[in-house]
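S.K.: Pasting a structure below so you can have a look.
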Amino acid sequence: MSLILLGIFLALLLCGAPVAVSLGLSSAIVIVSNNLPVSVLAQRALNALDSSPLLAVPLFILAANLLNAMGVTTHLFDLVRLLLGRIRGAVAQVSVLVSLIFSGISGAALADIGALGAVQIKQMKAQGYREDFAAGLTIAAATIGPIFPPSIPIIIYASVANVSAVKLLVAGIIPALLLTVLLMVQVAIMARVKGLPRDTVRPTAKAVVSKFVISFPALMAPVLLIGGLLSGYFGPTEVAGVTVAYACLIGVFIYRTLTLSKMVACLRETVEATANILFIVSAAALFAWVLTLDRVPMIASQLLLGLTDDPFLLLLLVNILLLVVGMVLESIAAILIIAPIIAPALTMAGVDPLQLGIVFVLNLMIGLLTPPVGMSLFMVSIVTKIPVPVVIRGVLPFLAPLLLALIVVSAVPAISTWLPNYLLK
């Protein structure tokens, strides 16, 4: 049954069907052909959406849309640019740091690219950077977003793998900072080797203070979010709701740029994005249920544990698998299909569930940079009108720091586990 399911799924993908349609239709065909009740289709699809953590997904998307509609991204970019001064490659370094700051709001790589991509690439090209370098760095920096809280992929992984969503979100803080540092080191090396241009903006104390005052309400959004998680008073869903309320307040009463028409547009974008994500969630849950009927998770667990019982070697095998899967499958669908299959086996082998969650998501975010289904590549191409082959050429040098971060996080469990275990005992 599983072989038929996978065969139909791959055939639909090759025919150009969307991932969600391929998952749902292949599952429906197998269910009907095996004389299972048709009502199972609706029941399993709806059960997958009956999850409290998933309520955070549309709220985080809405918060990011609202803050982006206020022009917050431009203020943040200008502030960090003034602070870094005129070091060589400064605008490129600014792109990385702004991605880290905005990741504390958006929770998704594609949201970061949509909000920041055009601004980042325009600023770098204005300073004389090659467009392939600008596009590549923008995509690589966007991988920070789904690792640093809030993170939509981490919330979905937590709901699938039965891990504490709060602990897993906090577990992403240090890996995200590590990723930021490695990307900045890569930029510094390339700045020296390739002679990247210096910033033409001359910072003054008055300009820095003025821009900091303007940006301060936006800077407080990630602080509010992370503080709420660490305090224990809020879960992911409550924090997401508070962040939306905060974005509305500062947009209406402080920035005064959040008009009714902009709010309606933000709500429309949020509904569209949420519908896409939850369609994949429900279809993938149905697909995973059919695999479970055929005992695929148990067989996979026995196979993995039969190869080795060393946690690091198992993680290495999973890394290779996920890097390949990330090339051809959308990240949320991959989480929903593969996590229930391999997570139990690795947990039994001694891999910490928090470390596994971060390694899992980081792998799939790297997959967003790799063809043929690298969504970030196409997103940047759409936003900036840069041809996809040029974008691919630009992103290749930045795979090195991303893969190095993946190796370090896989080899050192404490990078993912120390902070949540220390703060959330």
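S.K.: Scan region 138-170 residue by residue and report those that are aliphatic (A, V, I, L, M), more than 14 Å from the chain's Cα centre (by Cα) and farther than 15 Å from Leu364 by Cβ.
M.R.: The answer is Val163, Ala165, Val166, Val170.
S.K.: While we're looking at this one, here's another question. How do the pairs read when you match residues in region 411-424 that are closer than 20 Å to Pro311 by Cα with residues anywhere that are open to solvent by 70 Å² or more (accessible area, probe 1.4 Å), using Cβ under 8 Å and keeping only pairs 6 or more apart or on different chains?
M.R.: Ala411/Phe312
S.K.: Next question, about the same structure. Picking from Leu396, Leu336, Leu356, Leu364, which residue would you name as being more than 27 Å from Ala284 (Cα to Cα) and either open to solvent by 20 Å² or more (accessible area, probe 1.4 Å) or in contact (Cβ under 8 Å) with a residue 12 or more places away in the chain (or both)?
M.R.: Just one listed residue meets the conditions, Leu396.
S.K.: Continuing with this model, one more query. Can you tell me which of Pro203, Pro197, Pro175 is crowded, with 19+ Cβ neighbours inside 10 Å and in contact (Cβ under 8 Å) with a residue 12 or more places away in the chain?
M.R.: Pro175
S.K.: What are the residues in region 247-276 that are in contact with a helix residue (DSSP H, G or I) (Cβ under 6 Å, 6 or more places away or on another chain) and within 23 Å of Ile155 (Cα to Cα), if any?
M.R.: Of everything in region 247-276, those that are in contact with a helix residue (DSSP H, G or I) (Cβ under 6 Å, 6 or more places away or on another chain) and within 23 Å of Ile155 (Cα to Cα) turn out to be Ala247, Cys266, Glu269, Thr270, Ala273, Thr274.
S.K.: Given the conditions (1) surrounded by fewer than 18 Cβ atoms within 10 Å (Cβ to Cβ); (2) in contact (Cβ under 8 Å) with a residue 60 or more places away in the chain; (3) part of a helix (DSSP H, G or I), and given that Met220 satisfies all but one, which numbered condition is not satisfied?
M.R.: Every listed condition holds for Met220 apart from (2).
S.K.: Within region 126-134, can one find any residue that is part of a helix (DSSP H, G or I), open to solvent by less than 10 Å² (accessible area, probe 1.4 Å) and aromatic (Phe, Trp, Tyr)?
M.R.: Within region 126-134 (the criterion being part of a helix (DSSP H, G or I), open to solvent by less than 10 Å² (accessible area, probe 1.4 Å) and aromatic (Phe, Trp, Tyr)), the answer is no, since none of the residues qualifies.
S.K.: So the check is Cβ under 8 Å with 6+ separation or different chains; which pairs have a first residue in region 124-135 that's closer than 9 Å to Pro197 by Cβ and a second one that's open to solvent by less than 20 Å² (accessible area, probe 1.4 Å) and part of a loop (DSSP other than H, G, I, E, B)?
M.R.: Gln127/Asp199; Tyr129/Leu196
S.K.: Shifting gears a bit: Quick one: Val32 ticks every box in (1) over 28 Å from the mean Cα position of the chain (by Cα); (2) open to solvent by 40 Å² or more (accessible area, probe 1.4 Å); (3) modelled with pLDDT under 80 except a single one, so which number is it?
M.R.: (3)
S.K.: Kindly evaluate Gly357 against the criterion of being under 25 Å from Leu12 (Cα atoms) and among the small types (Gly, Ala, Ser).
M.R.: no
S.K.: Select from region 224-237 the residues that are free of Cβ contacts under 8 Å to residues at least 12 places away in the same chain and part of a helix (DSSP H, G or I) and write down the one among them that is most open to solvent (accessible area, probe 1.4 Å).
M.R.: For region 224-237, the residue satisfying everything is Ser231.
The values are calculated or read from the model by the stated rules, or taken from the named source; none is laboratory data. Just so we're clear, the structure is a prediction, and the values are computed from it rather than from any experiment. A quick note on method: Cβ atoms are made from the backbone with ideal geometry, for glycine too, and the neighbour counts reach across all protein chains shown. These accessible areas exclude ligands, DNA and RNA; they are computed on the full protein's heavy atoms, side chains included. Shrake-Rupley method; radii C 1.70, N 1.55, O 1.52, S 1.80 Å.
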